[in-house]
1. For the stretch 70-82, how many residues are open to solvent by 70 Å² or more (accessible area, probe 1.4 Å) and in contact with a strand residue (DSSP E or B) (Cβ under 7 Å, 6 or more places away or on another chain)?
2. So, of the residues in the stretch 83-97 that are open to solvent by 50 Å² or more (accessible area, probe 1.4 Å) and at pLDDT 95 or above, which turns out to be nearest to ILE175 (Cα to Cα)?
3. Can you confirm whether the stretch 57-76 contains a residue that is of a type in the set (Lys, Arg) and closer than 23 Å to PRO197 by Cβ?
4. Can you name the residue in the stretch 2-31 that is of a type outside the set (A, V, I, L, M, F, W, C) and over 21 Å from PRO118 (Cβ atoms) and is also surrounded by the most Cβ atoms within 10 Å (Cβ to Cβ) among such residues?
5. Scan the stretch 79-99 and give yes if some residue there is closer than 26 Å to LEU185 by Cα, among the small types (Gly, Ala, Ser) and touching a His at 6+ places or on another chain (Cβ under 9 Å), otherwise no.
Amino acid sequence: MEQMTGKLCLVTGANSGIGLATATQLARMGAHVVMVCRDAARGEAARDQIRQLTGNHQVDLLQADLADLSQVRGVAADYQARYPRLDVLIHNAGLMKKRREVSADGHELQLAVHFLAPFLLTHALRDALEAAPAARVVSVASMLHRFGKLDFDDLHAARHYSMWRQYGASKLATIVFTYELARRLENTNITANCLHPGVI
């Protein structure tokens, strides 16, 4: 299973859950995997685990809190300084918050991580994606988008906060972003997809 040999793949939220499983399988398939993790210690432990499980030592770690847009820009700059291109960009990082929290930039946290960070990271890595022969952007969405509504008068849920509704809204934004990205990237070397990974 070496279909991904030589491919450069960046996976956000790669130290646990779906992100860890994705990064592990990509490494097993021969890809050069770059993990983006918020917690450096957990990221290092996951990176070492993947290397040991797969025998693939081309597994690297970049540390960033994707709720902070300055760190999103920083990790994009770090990536482009170290790697010549990006074949696969997987937006997986996610969270759920029972109570409303805001990011360092003042954005509601679920919207910041699920939508604003992928939006910015995709555009910040556009040159790296264009440098690949055939690049792909994959965003992890959720069927829970059905519970969401994009209320542009209260996008950050400052007036009315519900964890499920805001989670759904953030994933709905992910889906809308993917459709529009795919439209704008038509006739380029970059493909955009989103998915519901199943109930976990």
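1. So the count comes out to 1.
2. ARG85
3. First, pick out the residues of the stretch 57-76 that are of a type in the set (Lys, Arg): 73.
So of that shortlist, the ones also closer than 23 Å to PRO197 by Cβ come out as none.
No, there is no match, as no residue in the stretch 57-76 is of a type in the set (Lys, Arg) and closer than 23 Å to PRO197 by Cβ.
4. Step one: list which residues in the stretch 2-31 are of a type outside the set (A, V, I, L, M, F, W, C), which gives 2-3, 5-7, 12-13, 15-17, 19, 22, 24-25, 28, 30.
Cutting the leftovers down to over 21 Å from PRO118 (Cβ atoms) gives us 2-3, 5-6, 24, 28, 30.
On the way: GLU2: 10, GLN3: 8, THR5: 12, GLY6: 10, THR24: 21, ARG28: 17, GLY30: 17.
My answer is THR24.
5. yes
The values are calculated or read from the model by the stated rules, or taken from the named source; none is laboratory data. None of these values were measured; they are calculated from a predicted model. Here Cβ is always computed from backbone atoms with ideal geometry, including for glycine, and neighbour counts include all displayed protein chains. Accessible surface is based on the protein model in full, side chains and every heavy atom, while ligands, DNA and RNA are left aside. Shrake-Rupley method; radii C 1.70, N 1.55, O 1.52, S 1.80 Å.
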